[in-house]
Amino acid sequence: MKKISLTGIKPTGDLHIGNYFGAIKPALELAKEYDARYFIADYHALNSMKNPAELGSTIRHVAAGWLASGLDPEKVIFYRQSSIPEVFELTTMLMAFTAKGLMNRAHAYKAAVQINTEKDGDMDAGINMGLFTYPVLMAADIILFDSDVVPVGMDQVQHIEIAQDIAQSVNANYGKQVLKVPQAIVQEEVAVVPGLDGRKMSKSYNNVIPLFAPEKTLRKTIMRIVTNSQSVQEPKNPEVCQIFQLYKLFTDTDEQASLASRYRSGGMGWGEAKEELFRVVNTRLSPVRERYNAIMADIPSLEKILEQGAQKARPIAAATVKRFRKAAGID
Ligand code: ADP
Ligand code: TRP
């Protein structure tokens, strides 16, 4: 039997190139050898997104993004978290096995408390219970589907460790393997994709290259990449330049060697390097963008795909909940 790979993306903003190379592409690679279950973590997004129109459209955007990037819903079980009520049933059961101290130590919650403490204000200001218990909901997402591996970025590894801890507490209590203990997979070769300013590309830094921007916007965005004040004539070092780091994601080694040599020999200005980058990004992304636009032009079909995914997911989820209830004496 094939092993199971599961991951979710929280629909909290427009997808960018960092999401594509850091999350979507590696997950789709894994789907070739694993039974994959990929979903839109819309209840996780609700913690921070309270505007219904915005949340609704971001959910559809992220769903269309997965499909446009190549997810085949015939092969991957693809669904919205909110379509699987068993997630919430399991969350409640897992709560009973989750030490509160484990939540106190979770990075996202700790960071929010730290900001409040630095401001000398109420330690709990702006922190809802959804943020505090976020790792339990995420553990339920994972454990519900008997996941073996969870492809994630470095920032999510602690959450997988918490899911392991919770599953192990359940198994230890009942003296048998009621729940499968998942493992994180962090794609080492996918380095952090740099943003326009050289920091990690992230919607929180406002430095992103959107995945589906129209050609004109894409060009304008790439032209905004921050560079140093070296003149056209000066030789440049490609290894310390985010234009080159981004170029590498879209090209083969021959193209990379050729641009690197133009950097080193001098005579190429930053504007020209950006034009080269725009050319390769646009060539590679335009078919993805076209697929995305076609999917977004037919929302009923998109909803249907997600609904069919949920239909396939629910029996698997129900079996896990049933097994747990039986072990717990609630059947
Ligand atoms: P953002 O930082 O823009 O808020 P998210 O935290 O929503 O992005 O990330 C969703 C997924 O994309 C995660 O798996 C994350 O590891 C991955 N990801 C986000 N930004 C990058 C990046 N710059 N490089 C590599 N992977 C990234
Ligand atoms: N917390 C993840 C993120 O912010 C999204 C997520 C929710 C997830 N549930 C998950 C990822 C289950 C992997 C498995 O990126």
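Divide the volume of the convex hull around the Cα atoms of the stretch 84-151 by the residue count and you get 103 Å³ per residue.
The calculated 222 nm mean residue ellipticity attributable to helices in the chain amounts to -16500 deg cm²/dmol, summing -39500 (n - 2.57) over DSSP H runs of n ≥ 4 and dividing by all residues.
Spin-label pair MET223-GLN311: with each label point 7 Å from Cα along the Cα-Cβ axis, the two points sit 4.9 nm from one another. Only one residue of ASN171, SER204, LEU285 has its Cα farthest out toward the positive end of the dipole of the chain, where Lys and Arg carry +1 and Asp and Glu -1 on Cβ, and that residue is ASN171.
Backbone amide hydrogens, once placed in the peptide plane, bring ILE185 within less than 5 Å of VAL150, VAL152, excluding anything fewer than 5 places away on its chain. Charged side chains reduced to their Cβ positions (Lys and Arg at +1, Asp and Glu at -1) give the stretch 193-298 a dipole of some 340 debye around its Cα centre.
In summary, the convex hull built on the alpha carbon positions of the chain has an orientation-averaged projected area of 19.3 nm².
Using C-alpha pairs below 8 Å separated by at least 6 residues, the relative contact order for the stretch 28-139 is 31 percent. With Cα atoms defining each centre, the stretch 8-52 and the stretch 282-317 are spaced 13 Å apart in the structure.
Which one, PRO151, PRO11, PRO210, has the greatest fluctuation when you compute a Gaussian network model over the chain with C-alpha springs under 10 angstrom? Taking springs between Cα atoms under 10 Å, the residue moving most is PRO210. Think of the chain as a dipole: +1 on every Lys or Arg Cβ, -1 on every Asp or Glu Cβ, centred on the Cα centre; then among MET223, SER147, GLY126, SER147 lies furthest on the positive end. Across the stretch 61-195, the relative contact order, built from alpha-carbon pairs under 8 Å that are at least six residues apart, equals 23 percent. With a simple spin-label model that places each label point 7 Å from the Cα along the Cα-to-Cβ direction, the separation between ARG262 and ASP72 comes to 3.7 nm. If you fit an axis through the alpha-carbon atoms of helix 299-328 and take the longest principal axis of the Cα set of the chain, what angle between them do you get, 0 to 90°, nearest 10? Result, in degrees: 40.
Remark: the stretch 11-28, residue by residue, has Karplus-estimated 3J(HN,Hα) of x, 10, x, 5, 5, 10, 4, x, 4, 5, 6, x, 10, 5, 4, x, 5, 5 Hz, where x stands for each Gly or Pro and the curve is 6.51 cos²θ - 1.76 cosθ + 1.60 at θ = phi - 60°. For the chain, the longest principal axis of the alpha carbon atoms and the long axis of helix 52-68 meet at an angle near 70°. The long axis of helix 270-296 is offset from the longest Cα principal axis of the chain by roughly 40 degrees. Computed from point charges on the beta carbon alone (+1 for Lys and Arg, -1 for Asp and Glu), the dipole magnitude for the chain about its Cα centre is near 300 Debye. Label sites at ARG279 and TYR174, each approximated as a point 7 angstrom past Cα along Cα to Cβ, lie 6.1 nm apart. Taking the Cβ-Cβ separation of PHE88 and GLU29 as r and a Förster radius of 30 Å, what is the calculated FRET efficiency to the nearest 0.05? That gives a FRET efficiency of 0.45.
The magnitude of the dipole of the stretch 34-122, with charges of +1 and -1 set on the Cβ of Lys/Arg and Asp/Glu and taken from the Cα centre, is near 140 debye. Across the chain, Cα pairs under 8 Å and at least six residues apart give a relative contact order of 23 percent. Which net charge results when you count Lys and Arg as +1 and Asp and Glu as -1 among the other residues whose beta-carbon is under 9 Å from that of LYS3? Net of charged neighbours comes to -2.
Every number in this text was worked out from the coordinates using simple rules, so none of it is lab data. Just so we're clear, the structure is a prediction, and the values are computed from it rather than from any experiment. For neighbour counting, all protein chains shown are included, and Cβ atoms are generated from backbone atoms with ideal geometry for every residue, glycine included.
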